[in-house]
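Data block below; observations after.
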Amino acid sequence: MLNTFIKTYSNRSYKHVTMVRHQGTVIAFALDSERRIFYSVLDLENSEIKSPLDVNYWLGNPKELVFPNEIAEVGVGVADQTLLPAVKKGSRTPAAPGTRVREDEKDLFLSTTARLTADAPFQALSDGRHVFIFRQAIDAHHADMVFKLDADGNPIKDANGNPVPLVNATLLVDRFVLAGTDLKTKMEVRYQRSRSKTRPESRKDSLGAKDMEDNPFFEPTQELRFIGNLTGGRFTALLLPTQVVGVQRWQIFSHNSKTGAMDSFNIERAQDGLFNTRGSQEPMRDGHADSALRFENGDWHIDLGAGVPVGFIPPAPTACRRCSPTMAATRIPRLRCGRIKAGRFAQASATVKNGMNSPPITFSLSMRGIMWR
């Protein structure tokens with residue numbers, strides 16, 4: 001009976017999943033065993049389907065998410081984006097410099113920043129206009145790593161003579177536009193001759209959506225290099241309002257595998273919707289931006305909660321025989337309780353003032369693969 005309400009894709013071995021609601025549409029994402037991200041859309045506007053069950057409105061087959069073939073480092077505006085080498089289908093060797101490879105000949109995984117995706121949980125977020133994908137980058141020793149080159153195409157080396165990797169366990173961000181049931185990479189405007197967003201080649205260079213060879217400009221993958229030492233997808237990103245009208249801030253928490261500490265990053269959202277690392281507000285006397293999170297005394301803090309121990313079974317109050325009071329209050333249909341898979345849970349609560357805590361909210365994945373709150 002339960003299978004009637006479940007949509008199953010068994011064409012691949014999927015390892016990590018996430019979902020997001022964007023403009024009233026539910027989108028499900030999954031990363032498979034080959035580190036490729038696929039998605040499916042709940043297309044309730046499909047007039048060709050006549051069914052009372054929502055499950056029948058999911059796509060028949062998931063679509064692979066296509067990433068850009070360029071990457072840019074956030075906060076380094078003077079540096080242009082880096083183009084990844086093109087790789088033909090059926091090969092893992094990049095094409096020789098100067099060789100033209102047709103789009104239908106390219107391996108869309110190895111020729112784009114998709115190859116930089118780590119085998120770890122990722123996050124999807126919607127701001128109402130775009131769908132953001134936050135993902136952990138592979139480390140410097142991964143087989144699919146791409147190394148930095150100078151203007152002459154020679155490898156750039158560090159002080160020890162080792163080639164410098166393009167990324168190294170940092171945080172990558174991409175945003176997409178939902179067109180029907182397709183997620184498309186966002187286009188952007190650049191100088192047509194230099195292909196740079198900030199630097200014209202000459203006075204004759206002009207802005208446009210395509211270069212001089214009529215190739216469209218797509219927004220490159222954004223690398224947050226200052227958020228590093230990631231392992232196991234241990235990060236989360238939030239988009240928060242502020243008391244300043246029209247100003248939002250990115251709040252990102254990440255676990256630093258080297259220090260063992262949780263790092264907190266609060267970044268102003270730029271006018272283009274990305275990251276403004278310089279900030280647009282003058283600092284206050286004590287050095288903080290007016291819209292940033294601040295603590296007025298030593299007792300104020302953020303409480304992330306103690307988490308949920310592996311194998312934990314919620315207590316059984318009178319409100320519900322099998323669910324905790326918080327779970328019973330949510331009234332989510334078809335809720336199930338059970339033992340929790342190792343590491344498949346998240347819990348958070350915030351202390352907004354001394355002694356005043358918000359109730360913790362816990363999401364987990366049971367041994368049977370059922371998510372409950």
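Read-outs: derived from the displayed coordinates by stated rules, not from any lab. Fair warning: this is a prediction, and the values are worked out from it, not measured in the lab. Here Cβ is always computed from backbone atoms with ideal geometry, including for glycine, and neighbour counts include all displayed protein chains.
Listed by first and then second residue, the pairs linking a residue in the range 119-138 that is closer than 15 Å to N229 by Cα to a residue that is part of a loop (DSSP other than H, G, I, E, B) and among the hydroxyl-bearing types (S, T, Y), with Cβ atoms under 7 Å apart and 6 or more places separating them unless they lie on different chains, are A137/T170. Of all residues in the range 102-161, which are surrounded by fewer than 15 Cβ atoms within 10 Å (Cβ to Cβ) and hydroxyl-bearing (S, T, Y)? Those that are surrounded by fewer than 15 Cβ atoms within 10 Å (Cβ to Cβ) and hydroxyl-bearing (S, T, Y): none in the range 102-161. Scanning the range 24-48 for residues that are more than 17 Å from the chain's Cα centre (by Cα) and more than 22 Å from P68 (Cβ to Cβ) gives G24, T25, S33, L42, D43, L44, E45, N46, S47, E48.
Any chance you could count how many residues in the range 37-84 are of a type in the set (K, R) and either more than 30 Å from L274 (Cβ to Cβ) or without any contact (Cβ under 8 Å) to a residue 60 or more places away in the chain (or both)? Residues in the range 37-84 being of a type in the set (K, R) and either more than 30 Å from L274 (Cβ to Cβ) or without any contact (Cβ under 8 Å) to a residue 60 or more places away in the chain (or both): 1 in total.
Just to be sure before I move on: is V173 within 23 Å of S254 (Cα to Cα) and aliphatic (A, V, I, L, M) in the structure I sent? Before you say what the answer is, go through the steps one by one.
Details: within 23 Å of S254 (Cα to Cα): yes; aliphatic (A, V, I, L, M): yes.
Answer is yes for this residue.
Looking at G279, G246, G273, just one residue is touching a residue at least 24 places away in the same chain (Cβ under 8 Å) and either surrounded by fewer than 15 Cβ atoms within 10 Å (Cβ to Cβ) or not in a strand (DSSP E or B) (or both), and that residue is G273. Within the range 166-191, the residues that satisfy the criterion of being more than 19 Å from D272 (Cβ to Cβ) and assigned to a loop (DSSP other than H, G, I, E, B) are L166, V167, N168, A169, T170, G180, T181. Taking the criterion of being assigned to a loop (DSSP other than H, G, I, E, B) and under 21 Å from A137 (Cα atoms), the residues of the range 1-36 that qualify are S13, S33, E34, R35, R36. Only one of the numbered conditions (1) surrounded by fewer than 17 Cβ atoms within 10 Å (Cβ to Cβ); (2) charged (D, E, K, R); (3) within 25 Å of H130 (Cβ to Cβ) is violated by R35, and that is (1). The set of residues from the range 120-168 being touching a strand residue (DSSP E or B) at 6+ places or on another chain (Cβ under 7 Å) and of a type in the set (D, E) comprises just one member, D127. Taken over the range 185-209, the criterion of being free of Cβ contacts under 8 Å to residues at least 40 places away in the same chain and either among the hydrophobic types (A, V, I, L, M, F, W, C) or closer than 25 Å to K63 by Cβ (or both) is satisfied by M187, E188, V189, L207, A209.
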